[in-house]
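Undergrad: This structure is in structure tokens; I'll ask about it shortly.
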Amino acid sequence: MKKVELLAPAGSLEKAKIAFMYGADAVYAGTSKLSLRTRAEINSDTLADTIIYAHSIGKKVYVALNIYAMDEDYAEIESEVKRLDKLGADAIIASDVGVINTIKKIAPNMEIHVSTQANTVSLHAAEFWKNFGAKRVVISRELSKDKIKYIMENKPDDLDVEMFIHGAICYAYSGRCYLSKYLANRCANQGDCAQPCRWQYNITASEVNNPDSKINIDYDEKGTYLFSSKDMCLIKQIPTIIDMGVESLKIEGRLKTEYYLATIVNTYRTAIDDYVKDPKNYNADKYMQELEKTKTRGLTTFYFNDRNNKDFQEYEGKQYNPNFEFGGKVVETVNGKTSVEIKNKLSVGDEMEIIIPGKIEVVKFKIEKLWDYETDEEIETINPGVKDQKVKMQLPIEVKEGWILRRKK
């Protein structure tokens, strides 16, 4: 069975470290101005640090330079390509043919991954990108398993295929949308999407000869969020995807929390490894239960199983997680007390879970005592007030720096 890559988002150096710790083989990060997530925390310096760190532990970093560029952008693009080549980025993710052509000219040895924004939905398109210099294509989320299988069975052996397996689905076809620019003057195709598809809308009508006379149209509680989609989740389809030979499985979410990353990456890591070790006994239920502990919209397989599927509309228009939240991140353990960087209110008596890298089973415990980080005095509760605020507690197992704790609400 061919080894499959698990690819995770890295909106910052710290998030990259969490993704690697919990099992990612590679991460993708954006440039500060030239990717489709310019509001992520990665900047020029932290991107360099991320690449250095990844290579020190045998991991990879792919850098997104996937805006649709205007002519005035190319001076900066050329400078960025030179910098990424010097830094040793493992690949550049791009969608604009002009940008790809620039990469080929300036950094001919750089691996090129064609972004999902390029809308690769066929073998013919994949072969075009291969002939144009691409090492990998990120196929569109809209493809069914039969379409993917056909591409995998007929593509050139030296062309890799990457596909999304988890995360947000853009309402626009393969993410190419102008709604944000129209409504908020923030262009999605240049990295500044305001996500207006998640907004709540009122539907109105006006009489043709009297356009100022607007009347609200009646609609039920599920008729409000017109453009919002559920999140993709293909955990149950992992056996099918691996058997098809897809080279890289991608998780969406450069703006997500470290808690989200730890949960999602760890779950898919263990699912992949468990299936490879024992294909006959793969049971997706336990992985699904873990995924549902994150803050998420409804989950859908989108078009993977059925091209006519209509069950991916998120009528509530919001993310939810009624049972769990980000508790904190382990900093260090000294004299039996573990310092934890808190992310939500913690109190004596709270029920907690430790997410262990490489294991789907969590360790549950109840907070028996809390100590103030500075004074070491016992306290009953602590609320997040400042960045990097810490508290001390006793944990039931030996833990490592960076491990994530979740709190049961």
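Undergrad: How much area per residue is accessible in the chain when the probe is 1.4 Å and only protein heavy atoms are counted (Å²)?
TA: Accessible area per residue: 48 Å².
Undergrad: A further question follows. Dividing the convex hull volume of the Cα atoms of the stretch 350-398 by its residue count, what figure in Å³ per residue is obtained?
TA: For the stretch 350-398, the hull spanned by Cα atoms encloses 105 Å³ per residue.
Undergrad: Suppose each label sits 7 Å from its Cα in the direction of the beta carbon; what would the Glu142-Lys369 distance come out to in nanometres?
TA: In this crude spin-label approximation the distance works out to 6.1 nm.
Undergrad: Continuing with the same structure: Hydropathy first: keep DSSP H helices in the chain averaging at least -1.0 on Kyte-Doolittle, then drop any whose Cα extent along the axis falls short of 30 Å, and list what survives. Please report the intermediate quantities before stating the final value.
TA: Working: long enough: none.
Result, helices passing both filters: zero.
Undergrad: Just round it to a whole percent: the fraction of Cα-Cα distances in the stretch 227-375 exceeding 20 Å.
TA: Everything past 20 Å amounts to 57 percent.
Undergrad: Further question on the same structure: Under 18 Å from a point placed 7 Å out from the Cα of Asn109 along the Cα-to-Cβ direction: which residues of the stretch 74-103 have their backbone N that close?
TA: 81-92, 103, by backbone N distance to the label point.
Undergrad: What length, rounded to one decimal in nm, is gained on full extension from Glu332 through to Phe132, with 0.36 nm per residue of separation minus their alpha-carbon distance? Let's see the in-between values first.
TA: Values: separation 200, 0.36 × 200 = 72.00 nm, distance 4.91 nm.
Working it through step by step, the gained length comes to 67.1 nm.
Undergrad: At what distance in nm do the modelled label points of Val97 and His55 sit from each other, each positioned 7 Å from its Cα along Cα→Cβ?
TA: 3.3
Undergrad: Ranked from highest to lowest mean number of other Cβ atoms within 10 Å per residue, what is the order of the peptides 277-287, 399-409, 342-352?
TA: Values: 277-287: 12.2, 399-409: 19.3, 342-352: 17.1.
Highest to lowest by the protection proxy: 399-409, 342-352, 277-287.
Undergrad: Which percent of the accessible heavy-atom area of the chain goes to carbon and sulfur, probe 1.4 angstrom?
TA: Reported share for carbon and sulfur atoms: 46 percent.
Undergrad: Let me understand the chain better: what is its radius of gyration from the alpha carbons, and its Dmax, in angstrom?
TA: Gyration radius and largest Cα-Cα distance of the chain: 22.7, 79 Å.
Undergrad: What does the extension gain come out to for Gln237 and Glu292, with contour length at 0.36 nm per residue minus their alpha carbon separation?
TA: So the chain would gain 18.2 nm between Gln237 and Glu292.
Undergrad: Out of the stretch 1-34, which trypsin sites (Lys or Arg not before Pro) are coil in DSSP terms and have no more than 11 other C-beta atoms within 10 Å? If you can, show how the numbers build up before the last one.
TA: On the way: sites: Lys2, Lys3, Lys15, Lys17, Lys33; in loops: Lys2, Lys3, Lys33.
Qualifying residues, ordered by number: Lys2, Lys3.
Undergrad: I want the antiparallel fraction of DSSP beta bridges within the chain, as a percent rounded to 5.
TA: 55
Undergrad: Suppose every K and R has +1 on its Cβ and every D and E has -1 on its Cβ; what is the size of the dipole of the stretch 277-388 about the Cα centre, in Debye to the nearest 20?
TA: The dipole of the stretch 277-388 has a size of about 700 debye.
Undergrad: Now, a different point. Given the C-alpha atoms of the stretch 71-119, compute the convex hull and give its volume per residue in Å³.
TA: 67
Undergrad: Over what distance in Å are the Cα centres of the stretch 122-136 and the stretch 237-311 separated?
TA: 26
Undergrad: In nm, to one decimal, how far is the Tyr320 label point from the Asn281 one, both placed 7 Å along Cα→Cβ?
TA: Distance between the two pseudo-spin positions: 3.6 nm.
Undergrad: In deg cm²/dmol, rounded to 500, what helix-only [θ] at 222 nm does the chain give when every DSSP H run of at least 4 residues adds -39500 (n - 2.57) and the total is split over its residues?
TA: My calculation for the chain gives -7500 deg cm²/dmol from helical runs alone.
Undergrad: Quickly rank 51-60, 119-128 as a protection proxy: mean count of other C-beta atoms within 10 Å, highest first. Write out the running numbers ahead of the final one.
TA: Numbers: 51-60: 15.2, 119-128: 17.0.
With the highest mean Cβ count within 10 Å placed first, the list reads 119-128, 51-60.
Undergrad: Using the Kirkwood formula over every pair of different C-alpha atoms, what hydrodynamic radius in Å results for the stretch 300-408?
TA: Kirkwood radius, the stretch 300-408: 15.8 Å.
Undergrad: Apply the a/c threshold of 1.5 to the C-alpha gyration tensor of the stretch 51-203 and tell me whether it is rounded, prolate or oblate.
TA: On the way: a/c = 1.70, a/b = 1.17, b/c = 1.45.
Note, shape of the stretch 51-203 comes out oblate.
Undergrad: With Rg and the Kirkwood Rh both taken from Cα atoms, where does Rg over Rh land for the stretch 44-108? Mind dumping the intermediate values first?
TA: Working: Rg = 12.0 Å, Rh = 12.2 Å.
Result: Rg/Rh = 0.99.
The values are calculated or read from the model by the stated rules, or taken from the named source; none is laboratory data. What you see is a predicted model, and the numbers here were worked out from it, not measured in a lab. Quick reminder, even Gly has a Cβ in these numbers, built from the backbone with ideal geometry, and neighbours come from all protein chains shown. In case anyone asks, the SASA skips ligands and DNA or RNA and just uses the protein heavy atoms, side chains included. Shrake-Rupley method; radii C 1.70, N 1.55, O 1.52, S 1.80 Å.
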